[in-house]
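Down below is the structure, laid out as structure tokens.
Every number in this text was worked out from the coordinates using simple rules, so none of it is lab data. Since the structure is predicted, the reported quantities are computational estimates derived from the model, not experimental observations. We place every Cβ from the backbone using ideal geometry, glycine too, and count neighbours over all the protein chains shown.
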Amino acid sequence: MLSEPISGRRWTRRDVAARVQIRIAEYIDQGFAPGDRAFIHFGNCNEFFVELLAIWAVGGCAVPVDPRFTPFEIKTLADWGRPRVSVWLGGIDPEVGDAMQSLSIRVANLAERQVSKPRTRRPAPGFRLDDDALILFTSGTTGQPKGVVHTHRSLLARWTHLRDHLGLASFERTLCLLPTHFGHGLICNSLFPWLNGCDLHLLPSFKPEIVADLGRIIDENDITFISSVPALWRLAKRISGPPTSRSLRRVFIGSAPLSASLWNTVLEWSGADAVFNSYGITETASWLAGTTVPNFAPEDGLIGVPWGGSIRILRTKEPIAAEGANDAACKRGESGYIWVQTPALMRGYLDRDDLTAQVVRQGWFLTGDIGMFDERGWLYLKGREREEINKGGMKVYPADVDSVIERYENTMDVCTFAYADSLLGEDVGVAVVLNDSSDASLQGLFQWAVRHLASHQLPQRWYVLTEISRTSRGKVNRSSVAEICSRLKPVNMAALARSGADA
């Protein structure tokens, strides 16, 4: 079943199948052919999944597009991805329509079409396992787009591994409030349970008024599983009452570093017996590892074990032959570059063989993440390599600082970033959102940081913001926050600390 708890619409599998057949006939009548691409400009609704299945049934490749993109971004993606059709559910910007027409792309508005059942069932070409199934754009919407291409084979490999390692019982009634143009939300949170026969309940993504009602929605729909990102849980703990029915069996948290403090908060809020940190990226069809390990306690950055495939931690970003991997392998407790080998790996980046060659080497994928294995062989995530702060040769991982600042009693949100320093090259800055930004609260925050951070980790510039903006995927862009803060005057924490000591 597909369900929208807010609108109340519920479509059975028979309802979905009938609607898919209608769209298959319309695609065939309009000349859509195997290998053609279709942009889908809406998501998080029943119609999105009907459209996806219809596109696959006629041998096409679906390209979910963030509905928040500007006309300029959409034209950039369309010029690069060259879809045969651009599918909307109302709300087409005239500028976008003109741009699509100039590129000979047909625009279809499902909200305006007259729906009629086909007189006869139209045979659909279907797809082959190695046909392109999904293209998910992860960056470059204003320049050279980076589109991750997944085949049906790579998606099937991911779902097979997840079923083998996680089972299906806890996914019986799954809730998705992640965006469906995002690998985490689409491939794993939605398609994995739904295509395996579980019910899928869909909410609009990251709307505060929806999050404020999250506990009640979980109770009223007997939700058994939900996955989201740390940013959503930070919001939920502030504005939503917890569920009381105890229907939740499992909760996943992923797509960004997770602190032990927030992890414990989600355990308490959700009432679920199993709250797992999960690790995955778009290029690996999302979830590839998590805390399905015995007798674990929440720890900053703890991931766990692979769910199919292999993970290496190496000292090098250069390709390593299998026989030479041991020489480059990090010791237990030593941080290094995370390499992954999985049959769920992307085919590559769309028309960017240069980028693909930089990260796919001898069957292994360089994730861009820094991690380590502990003595038990459990994976820990330290953060993204490009976010690492090089302070005079000493490495500072922003997620480590975030996890400390986050535990201060008045912290609502935090983002640690690098800023240029003439002496050290880079130094540590931090932006915080506080529920009490009085001098006394700031003094307490600074004292907390001094007590819990090593001297080289201690931020030298502090900024108090009313909000830390995030992407539609719920991720913080540290460089964007750093740019915003560069235009602001930092708080003189040292002076505040001195005044507090003198008082």
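Can you find, among Ser270, Ser479, Gly371, the residue farthest towards the positive end of the dipole of the chain? Put +1 on the C-beta of Lys and Arg, -1 on that of Asp and Glu.
My answer, from the dipole projection, is Ser270.
Looking at Phe127, Leu155, Leu177, which one has the Cα that reaches farthest to the positive end of the dipole of the range 120-223 (charges on Cβ: Lys, Arg +1; Asp, Glu -1)?
Toward the positive end, the furthest listed residue is Phe127.
Calculate how steeply helix 230-239 sits against the longest principal axis of the alpha-carbon atoms of the chain, using the helix alpha-carbon long axis, and give the answer as 0 to 90 degrees to the nearest 10.
The angle comes out near 80 degrees.
Over the chain, what is the relative contact order in percent, taking alpha-carbon pairs closer than 8 angstrom and at least six residues apart?
Values: 1018 pairs, mean separation 50.1, N = 503.
In percent, rounded to a whole number, it is 10.
So for the range 13-127: antiparallel DSSP bridges make up what percent, rounded to the nearest 5? Write down the numbers at each step before the final one.
Numbers: 0 of 11 bridges.
DSSP beta bridges in the range 13-127 are roughly 0 percent antiparallel.
Between 0 and 90 degrees, rounded to the nearest ten: what's the tilt of helix 493-502 against the longest Cα principal axis of the chain?
So the helix axis and the longest Cα principal axis differ by about 40 degrees.
What's the magnitude of the charge dipole for the chain around its Cα centre, counting Lys and Arg as +1 and Asp and Glu as -1 at the beta-carbon? Answer in Debye, nearest 20.
Working: 55 positive and 56 negative charges, 220 e Å.
With only Lys, Arg, Asp and Glu charged at Cβ, the dipole is about 1060 debye.
Of Gly90, Ser102, Ala38, which is farthest along the charge dipole of the range 13-127 in the positive direction, counting Lys and Arg as +1 and Asp and Glu as -1 at C-beta?
After comparing all options, I get Ala38.
Relative contact order for the range 388-502: what is it in percent, counting Cα pairs under 8 Å that are at least 6 residues apart? List each step's numbers first, then the result.
Details: 181 pairs, mean separation 30.1, N = 115.
Taking the mean separation of contacting Cα pairs over the length of the range 388-502, I get 26 percent.
Sequence-distant or interchain residues sharing an amide H contact under 5 Å with Ser286, placed H: which?
Residues meeting the amide H criterion: Ile281.
To the nearest 20 Debye, how big is the dipole of the range 153-385 about its Cα centre, given +1 on the beta carbon of each Lys and Arg and -1 on that of each Asp and Glu?
Working: 23 positive and 24 negative charges, 5 e Å.
Using Cβ point charges on Lys, Arg, Asp and Glu, the range 153-385 gives about 20 debye.
So for the chain: antiparallel DSSP bridges make up what percent, rounded to the nearest 5?
Here the share of antiparallel DSSP bridges comes out near 60 percent.
Taking the mean number of other Cβ atoms within 10 Å as a proxy for protection, how do you rank 156-162, 418-424 from highest to lowest?
On the way: 156-162: 20.4, 418-424: 12.9.
Going from most to least packed, we get 156-162, 418-424.
Name the shape class, rounded, prolate or oblate, that the alpha-carbon gyration tensor gives for the range 13-127, where a ≥ b ≥ c are the square roots of its eigenvalues, rounded holds for a/c under 1.5, and otherwise prolate holds if a/b is larger than b/c and oblate otherwise. Could the numbers behind the result be given before it?
Working: a/c = 1.86, a/b = 1.58, b/c = 1.18.
Because a/c hits 1.5 or more and a/b exceeds b/c, the range 13-127 counts as prolate.
What percent do you get for the relative contact order of the range 440-503 when only Cα pairs under 8 Å and 6+ apart count?
The normalised contact order for the range 440-503 reaches 47 percent.
What is the angle, in °, between the Cα long axis of helix 13-29 and the longest principal axis of the Cα atoms in the chain? Nearest 10 is fine, range 0 to 90.
Approximately 70 degrees, to the nearest ten.
Pull out a ≥ b ≥ c, the square roots of the eigenvalues of the alpha-carbon gyration tensor of the chain, then state rounded if a/c is under 1.5, prolate if not and a/b is larger than b/c, and oblate in the remaining case.
Numbers: a/c = 1.65, a/b = 1.53, b/c = 1.08.
Judged from the Cα gyration tensor, the chain comes out prolate (a/c at least 1.5, a/b above b/c).
Could you name the lysines whose alpha carbon sits less than 17 Å from that of Lys382, not counting residues in the same chain fewer than 8 places away?
Lys317, Lys331, Lys391, Lys395, Lys475
Report, in deg cm²/dmol and to the nearest 500, the calculated mean residue ellipticity at 222 nm for the chain, where each DSSP H run with n ≥ 4 adds -39500 (n - 2.57) and the sum is divided by the residue count. Working shown, then result.
Numbers: 16 runs with 153 residues, N = 503.
Calculated mean residue ellipticity at 222 nm is -9000 deg cm²/dmol.
Can you give me the C-alpha center-to-center distance between the range 37-92 and the range 458-487, rounded to a whole angstrom?
31
With charges set only on the Cβ (+1 for Lys and Arg, -1 for Asp and Glu), what does the dipole of the range 388-502 come to about its Cα centre, in debye to the nearest 20?
Details: 12 positive and 14 negative charges, 46 e Å.
Here the size comes out at about 220 debye.
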